[in-house]
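Beneath this line is the structure, given in structure tokens, with notes to follow.
Readers should treat all values here as calculations from the given coordinates under stated rules, not as data from a laboratory. Just so we're clear, the structure is a prediction, and the values are computed from it rather than from any experiment. Reconstructed Cβ throughout: ideal geometry from the backbone, glycine too, with neighbour counts over all protein chains shown.
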Amino acid sequence: MTTREYHIDIHGRRLAVVEWGSPDGIPVVALHGWLDNAASFTLLAKLLPQVRLIAPDLAGHGRSEHRAAGQPYYIWDNVADVLALLDALELEQVALLGHSMGASVATLLAGAFHERVSQLMLLDGLAPRTYSADSLPEQMAAALNKGKRIRRRGWRPYASLEDALQARMGGRYPVSREAAAWLLARSLEETEDGWCWRHDIALSQPSVVRLCDEQVAAFLQRLSMPVLLMMAEHGNEIDGVQPLLELVPELTLKVLDGGHHMHLESAPAVLIAGLISERLSDV
């Protein structure tokens, strides 16, 4: 499998990018989930050698640089970064593949710039979580207060690489040892104090500004391209997306036997790769 790694400068920051497959293949930009990185798509890349799979480490994740100190991590800033990536690579139109948070980024980008997206393929996520408008002031206060505590604390280092592997394998969304090793290769570094996460501690702060139902609905209704939504039967996101499905003009829903990181599980990854190949053959 051909792998290429490079970085580009976006808005004064370095964005790390991994590419797999043929440079002449159909370009698919793959966006990872929260506290993951580009290695999240390693298994799918092996199963899609005909595709030019382009996966950035989103800002503050993996080997990409952090946002400026004190700057929150808003999901729409990721939209701006991905759009800048498309421009830098001179890609007028691409298929977007997104997992979890990356699915939300992909949906917002496709809703705002539908002419740049030929296909939208989403893994266990569809849109940003919404909140009632009258709850937003309290949500803002809670987020700012939590942010102050998080920044003072920082990440706690692990005594050994094995400890870090075990923590990632047994996290909220468990993954195999092999998948954990792929992810940690981009998200962990050895320091004098032990093995520490590269990703920005500020990513643990809840968003200070959030979106309400009407705002997210407006983006979903503007998705003019075919949308393939692949949900995990053993994830915890299905109930949340059900009320949104009727808002998307051209949506195909597939529920696959797997967990939240099903694209890193052998059996569902084969099914996902097959669905993606089928979609791309129609482009």
Sorting check: for 99-109, 123-133, 243-253, 1-11, which peptide has the highest mean count of neighbouring beta carbons within 10 Å, and how do the rest follow? 99-109, 123-133, 243-253, 1-11
Compute for the chain: radius of gyration divided by Kirkwood radius, i.e. Rg/Rh, restricted to C-alpha atoms, rounded to two decimals. 0.94
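Hey, got the dipole for the chain? About the Cα centre, +1 on K and R Cβ, -1 on D and E Cβ, debye to the nearest 20? Walk me through the intermediate numbers first.
Values: 25 positive and 35 negative charges, 163 e Å.
The calculated dipole for the chain is roughly 780 debye.
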Karplus-derived HN-Hα couplings along the range 73-81 (A = 6.51, B = -1.76, C = 1.60, θ = phi - 60°), whole Hz, x at Gly and Pro: 9, 8, 4, 6, 5, 5, 4, 4, 5
About the Cα centre of the range 77-227, how large is the charge dipole given +1 on each Lys and Arg Cβ and -1 on each Asp and Glu Cβ? Please answer in debye to the nearest 20. 600 debye
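Report the antiparallel proportion of the DSSP beta bridges in the range 107-252 as a percent, rounded to a multiple of 5.
Around 40 percent antiparallel, to the nearest 5.
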Order 24-33, 161-170 from most to least packed using the mean count of other Cβ atoms within 10 Å. 24-33, 161-170
Looking at 28, 226, 154, which one has the Cα that reaches farthest to the positive end of the dipole of the chain (charges on Cβ: Lys, Arg +1; Asp, Glu -1)? 154
Could you order peptides 144-156, 58-70 by the average number of other Cβ atoms within 10 Å of their residues, highest first? 58-70, 144-156
Put +1 on the Cβ of each Lys and Arg and -1 on the Cβ of each Asp and Glu in the range 46-87; which of 56, 84, 72 then has its Cα farthest toward the positive end of the dipole? 56
Count the net charge of all other residues whose Cβ sits under 10 Å from the Cβ of residue 15, scoring Lys and Arg as +1 and Asp and Glu as -1. -1
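From the C-alpha coordinates alone, can you work out the Kirkwood hydrodynamic radius of the range 1-156, in Å?
Mean inverse Cα-Cα distance, inverted, gives 16.5 Å.
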Per-residue HN-Hα couplings for the range 204-220, Karplus 6.51 cos²θ - 1.76 cosθ + 1.60 at θ = phi - 60°, whole Hz, x for Gly and Pro? 7, 7, x, 4, 6, 10, 10, 9, 9, 4, 5, 5, 5, 4, 4, 5, 4
Full-extension gain in nm, residue 209 to residue 138, via 0.36 nm per residue minus C-alpha separation: 24.5 nm
Could you give the dipole magnitude of the range 1-131 about its Cα centre, charging the beta-carbon of Lys and Arg +1 and that of Asp and Glu -1, in debye to the nearest 20? 260 debye
Could you give the distance between the Cα centres of the range 221-260 and the range 170-200, to the whole Å? 29 Å
